[in-house]
Amino acid sequence: MSAYDHIPKLYDVEFEAPESSRQSDEYFLATVDGRRQRFNIHDYATLYRIPWLYDVALYHNLVCRTPTEMSAAIDRVWRDLGVERSSLRALELGAGSGVFGHELRHTLGIPRLEAIDICAEAAEAAGRDRPGLYDAYHIDDLTDLSPQTEAALRAAEFNVVAMASATGWGNHIPLAGFEQSFDLLVQGGWFVFHVKPNDPDPECIELCNWVEAKVQSGKLDQKYRGSHFHRKSSNGSEIYYDVVIGTKR
(Lines give C-alpha, C1' and ligand atoms only; values in the text may rest on other atoms or scores of the structure.)
Protein backbone atom coordinates (compact mmCIF):
# COMPACT_ATOMS: atom_id res chain seq x y z
CA MET A 1 0.00 0.00 0.00
CA SER A 2 1.37 3.44 -0.88
CA ALA A 3 1.72 6.07 1.82
CA TYR A 4 -1.55 7.80 0.95
CA ASP A 5 -3.81 5.00 -0.24
CA HIS A 6 -6.04 5.72 2.76
CA ILE A 7 -7.03 9.00 1.06
CA PRO A 8 -9.61 8.48 -1.72
CA LYS A 9 -9.32 10.13 -5.13
CA LEU A 10 -12.43 12.24 -5.74
CA TYR A 11 -13.79 15.51 -7.09
CA ASP A 12 -11.79 15.87 -10.36
CA VAL A 13 -9.53 18.52 -8.82
CA GLU A 14 -7.71 20.92 -11.15
CA PHE A 15 -5.43 23.72 -9.91
CA GLU A 16 -5.29 27.14 -11.53
CA ALA A 17 -2.04 28.88 -12.41
CA PRO A 18 -1.21 31.06 -9.36
CA GLU A 19 -1.43 34.83 -9.60
CA SER A 20 1.42 35.33 -7.10
CA SER A 21 4.18 33.42 -5.35
CA ARG A 22 2.26 33.35 -2.07
CA GLN A 23 1.20 29.87 -1.02
CA SER A 24 -2.04 31.38 0.29
CA ASP A 25 -3.00 32.53 -3.23
CA GLU A 26 -3.51 29.07 -4.73
CA TYR A 27 -6.94 28.13 -6.09
CA PHE A 28 -8.42 24.98 -7.59
CA LEU A 29 -11.60 23.76 -9.24
CA ALA A 30 -13.46 20.69 -8.02
CA THR A 31 -16.75 19.01 -8.87
CA VAL A 32 -18.81 18.71 -5.68
CA ASP A 33 -22.42 17.48 -5.74
CA GLY A 34 -22.46 17.81 -9.52
CA ARG A 35 -21.29 21.45 -9.56
CA ARG A 36 -17.91 22.78 -10.60
CA GLN A 37 -16.73 25.05 -7.78
CA ARG A 38 -13.65 27.19 -7.05
CA PHE A 39 -11.74 26.87 -3.77
CA ASN A 40 -8.73 28.45 -2.08
CA ILE A 41 -6.31 25.82 -0.78
CA HIS A 42 -6.13 27.59 2.61
CA ASP A 43 -9.86 28.19 3.10
CA TYR A 44 -9.87 25.44 5.69
CA ALA A 45 -13.36 25.93 7.09
CA THR A 46 -14.91 25.52 3.63
CA LEU A 47 -12.68 22.64 2.53
CA TYR A 48 -13.10 20.58 5.69
CA ARG A 49 -16.89 20.62 5.37
CA ILE A 50 -16.56 18.43 2.25
CA PRO A 51 -15.33 14.88 2.97
CA TRP A 52 -11.69 14.39 1.94
CA LEU A 53 -11.58 17.48 -0.31
CA TYR A 54 -8.58 19.12 1.36
CA ASP A 55 -6.69 15.83 1.50
CA VAL A 56 -7.36 15.08 -2.17
CA ALA A 57 -6.28 18.56 -3.31
CA LEU A 58 -3.14 18.67 -1.18
CA TYR A 59 -1.89 15.08 -1.06
CA HIS A 60 -2.93 13.77 -4.45
CA ASN A 61 -2.86 16.86 -6.64
CA LEU A 62 -0.03 18.84 -5.04
CA VAL A 63 1.83 15.67 -4.01
CA CYS A 64 2.34 16.81 -0.41
CA ARG A 65 4.70 14.45 1.42
CA THR A 66 5.30 16.33 4.66
CA PRO A 67 3.54 13.86 7.02
CA THR A 68 5.45 10.82 5.72
CA GLU A 69 8.73 12.74 5.40
CA MET A 70 8.41 13.97 8.97
CA SER A 71 7.40 10.61 10.42
CA ALA A 72 10.35 8.91 8.68
CA ALA A 73 12.76 11.49 10.12
CA ILE A 74 11.28 11.15 13.61
CA ASP A 75 11.44 7.36 13.40
CA ARG A 76 15.14 7.44 12.48
CA VAL A 77 16.00 9.80 15.35
CA TRP A 78 14.01 7.81 17.88
CA ARG A 79 15.48 4.50 16.73
CA ASP A 80 19.02 5.87 16.88
CA LEU A 81 18.45 7.20 20.41
CA GLY A 82 16.47 4.19 21.63
CA VAL A 83 13.35 6.17 22.54
CA GLU A 84 10.74 4.05 24.34
CA ARG A 85 7.45 4.87 22.64
CA SER A 86 4.99 3.14 24.95
CA SER A 87 5.02 6.13 27.34
CA LEU A 88 4.71 8.88 24.72
CA ARG A 89 1.86 11.38 25.04
CA ALA A 90 1.61 13.66 22.01
CA LEU A 91 -0.17 16.89 21.23
CA GLU A 92 -0.53 17.69 17.52
CA LEU A 93 -0.80 21.39 16.69
CA GLY A 94 -2.96 22.61 13.81
CA ALA A 95 -4.08 19.02 13.39
CA GLY A 96 -6.60 19.59 10.62
CA SER A 97 -8.29 16.45 9.35
CA GLY A 98 -5.62 14.13 10.74
CA VAL A 99 -3.16 13.21 7.97
CA PHE A 100 -0.10 13.77 10.18
CA GLY A 101 -2.00 12.32 13.11
CA HIS A 102 -2.39 9.13 11.06
CA GLU A 103 1.41 8.95 10.87
CA LEU A 104 1.92 9.73 14.55
CA ARG A 105 -0.53 7.03 15.59
CA HIS A 106 -0.09 4.29 12.98
CA THR A 107 3.51 4.68 11.78
CA LEU A 108 5.27 5.96 14.90
CA GLY A 109 3.04 4.05 17.33
CA ILE A 110 2.31 6.89 19.76
CA PRO A 111 -0.25 5.46 22.22
CA ARG A 112 -1.74 8.74 23.51
CA LEU A 113 -2.54 11.35 20.88
CA GLU A 114 -4.47 14.60 21.31
CA ALA A 115 -5.04 17.39 18.80
CA ILE A 116 -5.69 21.10 18.80
CA ASP A 117 -6.90 23.33 15.98
CA ILE A 118 -8.59 26.72 15.91
CA CYS A 119 -11.00 25.53 13.22
CA ALA A 120 -14.08 23.62 14.41
CA GLU A 121 -14.56 22.21 10.91
CA ALA A 122 -11.13 20.55 11.19
CA ALA A 123 -12.21 18.60 14.26
CA GLU A 124 -15.43 17.60 12.50
CA ALA A 125 -13.47 16.43 9.44
CA ALA A 126 -11.08 14.35 11.55
CA GLY A 127 -13.98 12.72 13.37
CA ARG A 128 -15.81 12.06 10.12
CA ASP A 129 -12.90 10.89 7.90
CA ARG A 130 -10.66 9.29 10.55
CA PRO A 131 -12.91 8.29 13.45
CA GLY A 132 -11.11 7.30 16.64
CA LEU A 133 -7.73 8.68 15.56
CA TYR A 134 -7.42 11.17 18.42
CA ASP A 135 -8.03 10.54 22.11
CA ALA A 136 -9.17 14.18 22.36
CA TYR A 137 -9.55 17.03 19.89
CA HIS A 138 -9.42 20.55 21.36
CA ILE A 139 -10.93 23.44 19.39
CA ASP A 140 -9.16 26.53 20.65
CA ASP A 141 -6.66 29.30 19.89
CA LEU A 142 -3.15 28.48 21.11
CA THR A 143 -2.48 32.18 21.57
CA ASP A 144 -5.55 32.65 23.77
CA LEU A 145 -6.48 29.35 25.37
CA SER A 146 -9.64 29.08 27.41
CA PRO A 147 -9.01 28.20 31.07
CA GLN A 148 -10.66 24.80 30.52
CA THR A 149 -8.48 23.91 27.53
CA GLU A 150 -5.27 25.10 29.16
CA ALA A 151 -6.02 23.08 32.28
CA ALA A 152 -6.69 19.96 30.21
CA LEU A 153 -3.51 20.39 28.15
CA ARG A 154 -1.32 20.95 31.20
CA ALA A 155 -2.86 17.99 33.00
CA ALA A 156 -1.95 15.75 30.04
CA GLU A 157 1.79 16.41 30.60
CA PHE A 158 2.71 15.98 26.94
CA ASN A 159 6.19 14.69 26.22
CA VAL A 160 5.74 15.18 22.47
CA VAL A 161 4.48 18.31 20.73
CA ALA A 162 4.38 17.97 16.95
CA MET A 163 3.20 20.05 14.01
CA ALA A 164 3.18 19.66 10.22
CA SER A 165 2.17 22.17 7.53
CA ALA A 166 0.95 24.89 9.89
CA THR A 167 3.46 27.72 9.66
CA GLY A 168 3.64 31.12 7.95
CA TRP A 169 1.67 33.05 5.35
CA GLY A 170 -0.62 34.80 7.79
CA ASN A 171 -3.12 31.98 8.12
CA HIS A 172 -1.31 29.44 10.27
CA ILE A 173 -0.01 29.20 13.84
CA PRO A 174 1.65 32.50 14.85
CA LEU A 175 4.82 32.70 16.90
CA ALA A 176 2.89 33.17 20.15
CA GLY A 177 1.27 29.79 19.51
CA PHE A 178 4.65 28.11 19.19
CA GLU A 179 5.79 29.71 22.42
CA GLN A 180 2.65 28.51 24.20
CA SER A 181 3.02 24.98 22.86
CA PHE A 182 6.69 24.89 23.90
CA ASP A 183 5.59 25.93 27.38
CA LEU A 184 3.05 23.07 27.47
CA LEU A 185 5.78 20.50 26.73
CA VAL A 186 7.35 18.80 29.77
CA GLN A 187 11.09 19.07 30.37
CA GLY A 188 12.93 16.56 28.20
CA GLY A 189 9.95 16.23 25.87
CA TRP A 190 10.19 16.16 22.08
CA PHE A 191 9.39 19.26 20.03
CA VAL A 192 8.88 18.43 16.35
CA PHE A 193 7.90 20.84 13.58
CA HIS A 194 8.98 22.23 10.24
CA VAL A 195 9.86 25.67 8.97
CA LYS A 196 10.59 27.17 5.57
CA PRO A 197 14.04 28.79 5.53
CA ASN A 198 15.02 31.67 3.24
CA ASP A 199 11.41 32.71 2.75
CA PRO A 200 10.34 36.37 2.49
CA ASP A 201 7.14 35.80 4.46
CA PRO A 202 7.44 37.72 7.77
CA GLU A 203 6.00 34.88 9.85
CA CYS A 204 8.49 32.39 8.35
CA ILE A 205 11.38 34.75 9.09
CA GLU A 206 10.13 35.28 12.64
CA LEU A 207 9.81 31.53 13.26
CA CYS A 208 13.30 30.83 11.85
CA ASN A 209 14.71 33.43 14.25
CA TRP A 210 12.73 31.91 17.13
CA VAL A 211 14.15 28.45 16.40
CA GLU A 212 17.69 29.80 16.23
CA ALA A 213 17.24 31.64 19.54
CA LYS A 214 15.87 28.52 21.25
CA VAL A 215 18.82 26.44 20.03
CA GLN A 216 21.44 29.08 20.86
CA SER A 217 20.03 29.60 24.36
CA GLY A 218 20.11 25.87 25.01
CA LYS A 219 16.35 25.67 25.60
CA LEU A 220 15.97 23.39 22.55
CA ASP A 221 18.48 20.58 22.14
CA GLN A 222 18.31 20.10 18.38
CA LYS A 223 18.75 16.44 17.49
CA TYR A 224 18.02 16.77 13.79
CA ARG A 225 17.41 19.41 11.15
CA GLY A 226 17.17 18.59 7.46
CA SER A 227 15.54 19.79 4.25
CA HIS A 228 12.57 17.72 3.04
CA PHE A 229 10.21 17.93 0.11
CA HIS A 230 6.95 19.51 1.23
CA ARG A 231 4.78 19.66 -1.87
CA LYS A 232 4.47 21.10 -5.34
CA SER A 233 3.21 24.61 -5.87
CA SER A 234 0.24 24.95 -8.19
CA ASN A 235 2.71 26.35 -10.74
CA GLY A 236 4.62 23.07 -10.67
CA SER A 237 7.67 24.20 -8.69
CA GLU A 238 8.83 22.15 -5.70
CA ILE A 239 8.60 23.49 -2.14
CA TYR A 240 11.00 22.33 0.57
CA TYR A 241 10.85 22.84 4.34
CA ASP A 242 13.29 22.05 7.13
CA VAL A 243 12.15 19.38 9.57
CA VAL A 244 13.34 20.21 13.09
CA ILE A 245 13.43 17.62 15.88
CA GLY A 246 14.67 18.43 19.37
CA THR A 247 14.11 18.07 23.07
CA LYS A 248 13.20 20.72 25.62
CA ARG A 249 15.93 21.46 28.13
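The values are calculated or read from the model by the stated rules, or taken from the named source; none is laboratory data. Here the structure is a predicted model, which means the values were calculated and not measured. Accessible surface areas use protein heavy atoms only, side chains included; no ligands, DNA or RNA. Shrake-Rupley method; radii C 1.70, N 1.55, O 1.52, S 1.80 Å.
Details
- Helical content alone sets the calculated 222 nm signal of the chain at -8500 deg cm²/dmol, taking -39,500 (n - 2.57) per DSSP H segment of four or more residues and averaging over every residue.
- Choice from 188, 236, 101 with maximal GNM fluctuation in the chain (Cα, 10 Å cutoff): 236
- Choice from 115, 152, 72 with maximal GNM fluctuation in the chain (Cα, 10 Å cutoff): 152
- Counting only protein heavy atoms and a 1.4 Å probe, the chain has 43 square angstrom of accessible area per residue.
- Normalised by the number of residues in the chain, the mean separation of alpha-carbon contacts (under 8 Å, six or more apart) gives a relative contact order of 17 percent.
- Number of Lys-Lys pairs in the chain with C-alpha atoms under 15 Å apart and a separation of 8 or more places or on different chains: 5.
- Between region 207-242 and region 61-138, the Cα center-to-center distance that results, in Å: 18
- Region 178-239 - percent relative contact order, Cα under 8 Å, separation 6 or more: 13
- Accessible surface of region 121-249 [probe 1.4 Å, protein heavy atoms]: carbon and sulfur percent: 48
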